[in-house]
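J.: Pasting a structure here, questions to come.
The values are calculated or read from the model by the stated rules, or taken from the named source; none is laboratory data. As the structure is a prediction and not an experimental result, all values here were calculated from the model. Counting neighbours? That spans all protein chains shown, and the Cβs are built from the backbone with ideal geometry, glycine included.
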Amino acid sequence: MTYPIELVNICKSFPSADGNTPLQILNNINFCLKSNESTAIIGKSGTGKSTLLQICGGLDKPTEGSVLFNGTDISKLSDAKMSELRNRKIGFIFQANMLMEDFTALENVMIPAQIQGRRESECKPIAQDLLKQLGLEDRMNHYPAQLSGGEKQRVAIARALINDPDVILADEPTGSLDEENAKEVEDRLLEIVKSGNRTLLLVTHNMDFARRCDRILVLKNHTLTEEKASK
Amino acid sequence: MNPFVRLWSRKRILRKGRLTGCMVLIALVMAPVVAALIFSQSMVDSMIEKFVRISDGHIQIAGSSYENIPEQYISYTEKSISGYALMYSSTETASLQIKGVEDGYFEESNRAKQISITKIDQTKRSNLNGVTISSYTARKLGVQIGDKVALMVVPDTQHGVLRPVMLQVTGIYSTGYNLIDKSLAFVDYSYAQKMFESDTSRITEVVVKSEYQDQLSRIKKTITTDGIVTDWQQKNSSVYNNYIVSMQAILLVLMIIVIVAAFFTASVANQIVEDDSREIALSKLIGAPDSMVRKSAFISIFTVTLAGMAIGLLLGILIGMNLSPVLVWLSEKNILVLEYYLVDFNATIPWGEIALVMLSMAVVSALAVLISLRHTRKITPMRLFTGV
């Protein structure tokens, strides 16, 4: 059986400052994400949650082990194939706003589709529709500098969804938002997973948000343990 | 073109900053390069035209008879007598080439464009034979139209007799080119025949059609004569060699300027990659391959380079075509070096040379930018999280 994402014996260490003993971050991590399931990874700051998410998305490489995406070992993919995988199959959402400052909200949302070669006439209605669904119909032509934190985060969500990805990887998506905005973003994300047969892997400190997910994984002492199993 | 590449290139070009600066600098480099090419080529062409029309023709046949002039290459031939003499006024002396020309010599349309002549009022004409000297020589000798000068002919045969003759200045000309004006004076053909008796003083000037002017050596070889056949390049070898060296030096300097400008463009490309590193990392995060990132950066930088070159070309043509008034103004300031240039010349655009310089710049810039853009490979999405 293949899973959207499967981690096999993942270890990650960084060179230490003194150059002697490597700094171990992740040790022998194994887990798989199922379709139509939301999973939250929780843990204290500095335990390697974001590193684990970056490894899942092929942004960082593990020191040992392999990441399988729908059964394919992503370490064996060329840079071009890896780019294509990130573009078509994965949607990224991060805590810090990661929008292109010179592009409007609408253009930011269209970028992943345009990278695929889809024309503006083809992807603009989809991007507009996504922004409308996220309550940004009157903010489409605004630049990131003209948007609030919550609005930027919703633009990032729309951008993550434009190519209809199988997996959404979200790193503290509500970390920089006030309670009201955070709740709205949480609702949207969970609704997207349920409605679209997608997989959500979420890194968060927000326990309320984590509890709303199907599974909770705790990263502690470099290893991962399951706190709440999927029904 | 990929829609993202197009959009990002456009955004980058429209963003004010380094690229605008790059465009302005390229335009500022290109404008003087183009102006210098127009100036040098027009100046050389005009000087050659003066030499050919006024002084020597393209080919000179010195001798009493000749055969096999290939008529299909020839615009016209002209008879003249040539020798050397010293000219005296009451206070000064000038060493001159005396050229005997037939009536109507100065009326030939192409020649008339190259020379301006003030002739004597017939009421002031004396019985002496006339000589037409340049305004430069007139100034040097301190004489005016109607004044008398003495001429000491340098004998061109072993039997010649050195004796002075008195002439009246019946015309003062100016070609606008000092090298000719300093050395040439005209007398009647029939009078020159008496002064210079040797066969080699009898010159047939051959003016070649413009489309065959690069085939002088070949045309020259077909002519048979009992005398000597030379071309204007041999006769004025120092001038001709100066032209060649000047043109090569100018082209070399231009090429160096172009290469420096291209490397500046490459350094701008480097800076742009650094400035845009966040956007590059972000676009890679959402799936843009490195080739797409490089392509968009290349298109924006190269578009700006081409725009700068086009603006520079237009500016350069504007400056190059209007250099004459500047030279006239400078000549009025008695700047010595201008003696060796034509103050008034027909500006022509050397499209071939300009195209060569622009093409070189485009190719060198493109290569330098492509090499610089290899740095985008080092920018990974992880830069967004780690900063390196």
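J.: Restrict the check to the stretch A:128-143 and report whether at least one residue is closer than 20 Å to residue A:97 by Cα and within 12 Å of chain B (Cβ to nearest Cβ).
T.: yes
J.: Let me ask you something else. Conditions: (1) touching a helix residue (DSSP H, G or I) at 6+ places or on another chain (Cβ under 9 Å); (2) within 23 Å of residue B:135 (Cβ to Cβ). Residue B:40 meets all but one. Number of the miss?
T.: Evaluating residue B:40 over (1) touching a helix residue (DSSP H, G or I) at 6+ places or on another chain (Cβ under 9 Å); (2) within 23 Å of residue B:135 (Cβ to Cβ) leaves (2) as the failure.
J.: Of a type outside the set (Asp, Glu) and over 19 Å from residue A:165 (Cβ atoms): does that describe residue A:4? Full working, then the answer.
T.: On the way: of a type outside the set (Asp, Glu): yes; over 19 Å from residue A:165 (Cβ atoms): no.
Judged against the criteria, residue A:4 is not a match.
J.: If you go through the stretch B:113-132 one residue at a time, how many are hydrophobic (A, V, I, L, M, F, W, C) and in contact with a Lys or Arg (Cβ under 9 Å, 6 or more places away or on another chain)? Spell out how you get there, then give the answer.
T.: Of the stretch B:113-132, the ones hydrophobic (A, V, I, L, M, F, W, C) are B:115, B:117, B:120, B:128, B:131.
Retained after the next criterion (residues that are in contact with a Lys or Arg (Cβ under 9 Å, 6 or more places away or on another chain)): B:115, B:128.
Counting residues in the stretch B:113-132 that are hydrophobic (A, V, I, L, M, F, W, C) and in contact with a Lys or Arg (Cβ under 9 Å, 6 or more places away or on another chain) gives 2.
J.: Determine which single condition residue B:32 fails, assuming it passes every other condition in (1) more than 14 Å from chain A (Cβ to nearest Cβ); (2) under 30 Å from residue B:300 (Cβ atoms); (3) without any contact (Cβ under 8 Å) to a residue 12 or more places away in the chain.
T.: With respect to (1) more than 14 Å from chain A (Cβ to nearest Cβ); (2) under 30 Å from residue B:300 (Cβ atoms); (3) without any contact (Cβ under 8 Å) to a residue 12 or more places away in the chain, residue B:32 is out only on (3).
J.: Now a separate question. Name the single residue that is nearest to the chain's Cα centre (by Cα) among those in the stretch B:286-306 being farther than 15 Å from residue B:13 by Cβ and surrounded by 24 or more Cβ atoms within 10 Å (Cβ to Cβ). Let's see the steps before the verdict.
T.: The initial filter retains those residues of the stretch B:286-306 that are farther than 15 Å from residue B:13 by Cβ, namely B:286-294.
Narrowing further to those that are surrounded by 24 or more Cβ atoms within 10 Å (Cβ to Cβ): B:286-288, B:293.
Working: B:286: 56, B:287: 55, B:288: 51, B:293: 45 Å.
That would be B:293.
J.: Looking at the stretch A:152-197, which of the residues that are of a type in the set (Asp, Glu) and not in a helix (DSSP H, G or I) is surrounded by the fewest Cβ atoms within 10 Å (Cβ to Cβ)? Show your work before the answer.
T.: So the first thing to find is which residues in the stretch A:152-197 are of a type in the set (Asp, Glu), and the list is A:164, A:166, A:171-172, A:178-180, A:184, A:186-187, A:191.
Restricting the remaining residues to those that are not in a helix (DSSP H, G or I) gives A:164, A:166, A:171-172, A:178.
On the way: A:164: 13, A:166: 20, A:171: 23, A:172: 20, A:178: 11.
Looking at residues that are of a type in the set (Asp, Glu) and not in a helix (DSSP H, G or I), I get A:178.
J.: Out of A:85, A:99, report the one residue that is in contact with a Ser or Thr (Cβ under 9 Å, 6 or more places away or on another chain), modelled with pLDDT of 90 or more and not hydroxyl-bearing (Ser, Thr, Tyr).
T.: On the way: A:99 fails: in contact with a Ser or Thr (Cβ under 9 Å, 6 or more places away or on another chain).
Answer to the selection: A:85.
J.: Also, I was wondering about something else. Assess whether residue B:102 counts as being more than 14 Å from every other protein chain (Cβ to nearest Cβ), in contact with a Phe, Trp or Tyr (Cβ under 7 Å, 6 or more places away or on another chain), surrounded by fewer than 16 Cβ atoms within 10 Å (Cβ to Cβ) and in contact (Cβ under 8 Å) with a residue 40 or more places away in the chain. Write out each step before concluding.
T.: Working: more than 14 Å from every other protein chain (Cβ to nearest Cβ): yes; in contact with a Phe, Trp or Tyr (Cβ under 7 Å, 6 or more places away or on another chain): yes; surrounded by fewer than 16 Cβ atoms within 10 Å (Cβ to Cβ): yes; in contact (Cβ under 8 Å) with a residue 40 or more places away in the chain: yes.
When the stated conditions are applied, residue B:102 passes them.
J.: Also, quick follow-up: Would a scan of the stretch B:280-297 turn up a residue that is touching a residue at least 40 places away in the same chain (Cβ under 8 Å) and away from chain A (no Cβ under 14 Å)?
T.: Residues of the stretch B:280-297 touching a residue at least 40 places away in the same chain (Cβ under 8 Å): B:280-285, B:288, B:290, B:292-297.
Now restrict to residues that are away from chain A (no Cβ under 14 Å): none.
The answer is no; no qualifying residue exists.
J.: Of the residues B:84, B:76, which is assigned to a strand (DSSP E or B) and closer than 30 Å to residue B:147 by Cα? Steps first, please.
T.: Values: B:76 fails: closer than 30 Å to residue B:147 by Cα.
Only one candidate qualifies: B:84.
J.: Being free of Cβ contacts under 8 Å to residues at least 60 places away in the same chain and small (Gly, Ala, Ser) is the requirement here; does residue A:148 meet it? Explain how you work it out, then say what you get.
T.: Details: free of Cβ contacts under 8 Å to residues at least 60 places away in the same chain: yes; small (Gly, Ala, Ser): yes.
So residue A:148 fits the description; yes.
J.: Taking the condition of being touching a helix residue (DSSP H, G or I) at 6+ places or on another chain (Cβ under 7 Å) and either buried (at least 18 other Cβ atoms within 10 Å of the Cβ) or basic (Lys, Arg) (or both), how many residues in the stretch B:8-26 meet it?
T.: 8
J.: Quick one: would you say residue B:309 is surrounded by fewer than 18 Cβ atoms within 10 Å (Cβ to Cβ), farther than 30 Å from residue B:83 by Cβ, more than 14 Å from chain A (Cβ to nearest Cβ) and in contact (Cβ under 8 Å) with a residue 24 or more places away in the chain? First the steps, then the outcome.
T.: Working: surrounded by fewer than 18 Cβ atoms within 10 Å (Cβ to Cβ): no; farther than 30 Å from residue B:83 by Cβ: yes; more than 14 Å from chain A (Cβ to nearest Cβ): yes; in contact (Cβ under 8 Å) with a residue 24 or more places away in the chain: yes.
Spelling it out, it is not the case that residue B:309 is surrounded by fewer than 18 Cβ atoms within 10 Å (Cβ to Cβ), farther than 30 Å from residue B:83 by Cβ, more than 14 Å from chain A (Cβ to nearest Cβ) and in contact (Cβ under 8 Å) with a residue 24 or more places away in the chain.
J.: May I ask you to list the residues in the stretch B:65-92 that are touching a strand residue (DSSP E or B) at 6+ places or on another chain (Cβ under 6 Å) and exposed (fewer than 13 other Cβ atoms within 10 Å of the Cβ)?
T.: Scanning the stretch B:65-92 gives B:67, B:68, B:76.
J.: Residues A:51, A:39, A:21: which one is touching a residue at least 60 places away in the same chain (Cβ under 8 Å) and not aliphatic (A, V, I, L, M)?
T.: Working: A:51 fails: touching a residue at least 60 places away in the same chain (Cβ under 8 Å); A:21 fails: touching a residue at least 60 places away in the same chain (Cβ under 8 Å).
Within the list A:51, A:39, A:21, the selection yields A:39.
J.: Shifting gears a bit: Of all residues in the stretch A:198-231, which are surrounded by 16 or more Cβ atoms within 10 Å (Cβ to Cβ) and among the hydroxyl-bearing types (Ser, Thr, Tyr)?
T.: Across the stretch A:198-231, the qualifying residues are A:199, A:204.
J.: Separate question: Do we have any residue at all in the stretch B:127-140 that's touching a residue at least 60 places away in the same chain (Cβ under 8 Å), farther than 16 Å from residue B:54 by Cβ and either buried (at least 19 other Cβ atoms within 10 Å of the Cβ) or not assigned by TED's automatic domain parsing to the domain that holds residue B:202 (or both)? Before you say what the answer is, go through the steps one by one.
T.: In the first step, residues of the stretch B:127-140 are kept if they are touching a residue at least 60 places away in the same chain (Cβ under 8 Å); the result is B:129.
The next check asks that each one be farther than 16 Å from residue B:54 by Cβ; those that pass are B:129.
Adding the requirement that they be either buried (at least 19 other Cβ atoms within 10 Å of the Cβ) or not assigned by TED's automatic domain parsing to the domain that holds residue B:202 (or both) leaves none.
Checked the stretch B:127-140: no residue is touching a residue at least 60 places away in the same chain (Cβ under 8 Å), farther than 16 Å from residue B:54 by Cβ and either buried (at least 19 other Cβ atoms within 10 Å of the Cβ) or not assigned by TED's automatic domain parsing to the domain that holds residue B:202 (or both).
J.: In the stretch A:54-88, how many are surrounded by fewer than 18 Cβ atoms within 10 Å (Cβ to Cβ) and in contact (Cβ under 8 Å) with a residue 60 or more places away in the chain?
T.: The qualifying residues number 4.
J.: Suppose the filter is of a type in the set (Phe, Trp, Tyr), modelled with pLDDT of 90 or more and farther than 22 Å from residue B:102 by Cβ; does residue B:177 pass it? Outline the logic, then answer.
T.: Values: of a type in the set (Phe, Trp, Tyr): yes; modelled with pLDDT of 90 or more: no; farther than 22 Å from residue B:102 by Cβ: yes.
In short, no.
Matching residues to (1) more than 30 Å from residue B:288 (Cβ to Cβ); (2) within 24 Å of the chain's Cα centre (by Cα); (3) within 14 Å of chain A (Cβ to nearest Cβ); (4) not in a helix (DSSP H, G or I):
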position	(1), (2), (3), (4)
B:9	no, no, yes, no
B:22	no, no, no, no
B:25	no, no, no, no
B:37	yes, yes, no, no
B:69	yes, no, no, yes
